[in-house]
Amino acid sequence: MSEPLVLGIETSCDETGVGIVRGHTLLADAVASSVDEHARFGGVVPEVASRAHLEAMVPTIERACETAGIELYDVDAIAVTSGPGLAGALMVGVAAAKALALGLGKPIYGVNHLAAHVAVDQLEHGPLPEPCLAMLVSGGHSSLLRVEDVTTGVDPMGATIDDAAGEAFDKVARLLGLPFPGGPHIDRAAREGDSVYVDFPRGLTSRKDLERHRFDFSFSGLKTAVARWVEARERSGEPVPVNDVAASFQEAVCDVLTRKAIDAAVSEGIDDLLIGGGVAANSRLRAMAVERAEAKGIRVRVPRPGLCTDNGAMVAALGAEMVARGRTPSELDLPADSSMPVTTVLA
Ligand code: KG4
Ligand code: ZN
C-alpha cells in the first residue's frame, strides 16, 4: 500500500474534530468548537458538548472531505478517539466512526487521545525520534510520558495530582476577570506584565516532595495562592495589577513544567522533548522550554498551536501510523472509555 489515507474523528471534549492525513501529510483539519456555548459556565458542560458534537459531526466530516479533495470511500481506515474524555462526548465520535467503518467496509482504530497528541507532531516535523520524552499539558491532562513507539505503548513517568495545567490557567483567568478559556488571555496579559512581581509557589519542588513526586505536578496550591493574593489586594481597596499577576502565575507554571520535563529527559538519557496539548500554545512555555532544553543539549519539538489544541488530524495521524506499522485494528464493538489509561494506545 502507498501511504495510508486515514480519516480521524475527535470528540473527547468540546471540539468536534475531523482530520484527514496521508501518512505524515495533513490534507484536512476541520474543527467545530462549542467553546462559546460553555463560556458563561466557566468550564465545559458535558451535556452541551455531546449535543454540539451530534449537530456538528456530519457537516464537519463533509467539510474535511471537501478540503482534502477526497470521497469517503477513498479512505483506507477510520480512526477515532476512544478515550480518555467526557463519556457522552466520546460516544458521539465513536458511534460516528463505527457507522463509517461499517458502511464503507474499512478497518477502525480506536485510539488514545494522549498518544494522538504525541503523534500529531509527525505531521509537522516528520517521524518521531524513538524514544522521546513527551510533556502533554491541556485542560484535562498534564503528563510526562516516555514514548518508545507511539503505536504500541506509552510509559507514564508523572502526572498532575490535582488540577491540570490548562485548568489552572482557566481558573486563574476567571479570578482575574478574563474570559474562558483563560490560557490565551493570560498569555496575552502576561506579555505586558512583570513575571517577578509576585513570587508564587512552585508545586511539588521541595526536596521532600521530590522524593515521592519527582515527575508529578500540582497546581491547586498555586491557584489558591493567586486567589488569596487577589483577595488581599481587593480587601485593601487597591487595584489588582492583572498583567503582573498573570505574568507571575504563568512564570510559576512554566518554571515547574520545564524543570520537571527536562529533569525527566535527562534522567532517561533522552535527547528529544516533545510538548503537546492546548497549553503547549503558550508563548512563555515554548520559549522557556527551548532555552532550558538547549542548555542541556535537548532538542524541543512543539507542533504549531492549531495542532496542539484538540483536533481530528492528531487522531488521523496516530491512525495512519497504526496502519503503516501493521497494527491489528480494533473490533467494531470498541468502547468509548472515559478513563482509558495512557498505557493503552489502541482499544
Ligand atoms: O488540548 P486542549 O484543546 O483541550 C483539552 O484536552 O483540554 O487544551 C485546552 C486548554 C485550556 O485549558 C486553555 O486555557 C489552554 O489549553 N490553552 C492555553 C493557551 N492556549 C490554550 N494555556 C496557556 N497558554 C495558551 N496560549
Ligand atoms: Zn487534548
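The values are calculated or read from the model by the stated rules, or taken from the named source; none is laboratory data. Note that the structure is a prediction, hence the values are computed from the model and not measured. Glycine gets a Cβ as well: all are built from the backbone with ideal geometry, and neighbour counts include every protein chain shown. Ligands, DNA and RNA are stripped out before the accessible areas are found, and what is left, the full protein with its side chains, is counted by its heavy atoms. Shrake-Rupley method; radii C 1.70, N 1.55, O 1.52, S 1.80 Å.
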Check your understanding: Shape of the range 1-146 from its Cα gyration tensor (a ≥ b ≥ c, root eigenvalues): rounded if a/c is under 1.5, otherwise prolate when a/b > b/c, or oblate?
Key -> oblate
Practice item. Tell me what the chain gives for mean residue ellipticity at 222 nm when only DSSP H runs of n ≥ 4 count, each as -39,500 (n - 2.57), the sum divided by the residue total, rounded to 500 deg cm²/dmol. Key: -14000 deg cm²/dmol
Review point. For labels at residue 287 and residue 194 in the simple 7 Å Cα→Cβ model, what's the distance in nm?
Key: 1.7
**Study point:** Pairs of lysines in the chain (C-alpha under 25 Å apart; 8 or more residues apart or interchain)
**Key:** 8
Exercise for review: With a 1.4 Å probe and every protein chain left in place, work out the accessible area per residue of the chain in Å², rounded to a whole number.
Suggested key: 41
Practice item. Indicate, rounded to the nearest 5 percent, the antiparallel portion of the DSSP beta bridges found entirely in the chain. Key: 60
Exercise for review: Would you mind putting 109-119, 38-48, 214-224 in packing order, based on average other-beta-carbon counts within 10 Å, highest first?
Suggested key: 109-119, 214-224, 38-48
Check your understanding: Given Cα pairs under 8 Å that are at least 6 residues apart, what percent is the relative contact order of the range 88-169?
Key -> 20
Revision key, fill the gap. The summed charge of the residue 90 Cβ neighbourhood (under 10 Å; Lys/Arg +1, Asp/Glu -1) stands at -2
Point to revise | Extension gain from residue 233 to residue 104, taking 0.36 nm per residue of separation minus the Cα-Cα distance | key: 40.3 nm
Study note, to complete from the structure: About its Cα centre, the range 101-180 carries a charge dipole, from +1 on Lys and Arg Cβ atoms and -1 on Asp and Glu Cβ atoms, whose size in debye to the nearest 20 is 260
Practice item. Grab the beta carbon distance between residue 174 and residue 259, set R0 = 35 Å, and tell me the FRET efficiency rounded to 0.05. Key: 0.85
**Study point:** Accessible heavy-atom area order of 188, 286, 212, 63, highest first, probe of 1.4 Å
**Key:** 212, 188, 63, 286
Check your understanding: Could you state the number of Å between the C-alpha centres of the range 85-104 and the range 23-48?
Key -> 16
Check your understanding: If you put +1 on each Lys and Arg Cβ and -1 on each Asp and Glu Cβ, how big is the dipole of the chain around its Cα centre, in Debye rounded to 20?
Key -> 660
Practice item. Work out the FRET efficiency for residue 161 and residue 62 from their Cβ-Cβ distance, taking R0 = 35 Å, and round it to the nearest 0.05. Key: 0.25
Practice item. May I ask for the angle, rounded to the nearest 10°, between helix 220-235 and the longest principal axis of the chain, with both axes built from Cα atoms and the value confined to 0 to 90°? Key: 50
Review point. What's the angle, to the nearest 10 degrees (0 to 90), between helix 242-268's Cα axis and the longest principal axis of the chain?
Key: 60
Practice item. Determine the distance separating the Cα centre of the range 213-274 from the Cα centre of the range 280-347; give it in Å without decimals. Key: 23
Review point. Can you work out the FRET efficiency for the pair residue 71 and residue 333, with r the C-beta to C-beta distance and R0 = 35 Å, to the nearest 0.05?
Key: 0.80
Point to revise | Nearest 10 degrees, 0 to 90: helix 312-324 Cα axis against the chain principal axis | key: 50
Practice item. Quantify, in whole percent, the carbon and sulfur part of the accessible surface of the chain (1.4 Å probe; protein heavy atoms only). Key: 50
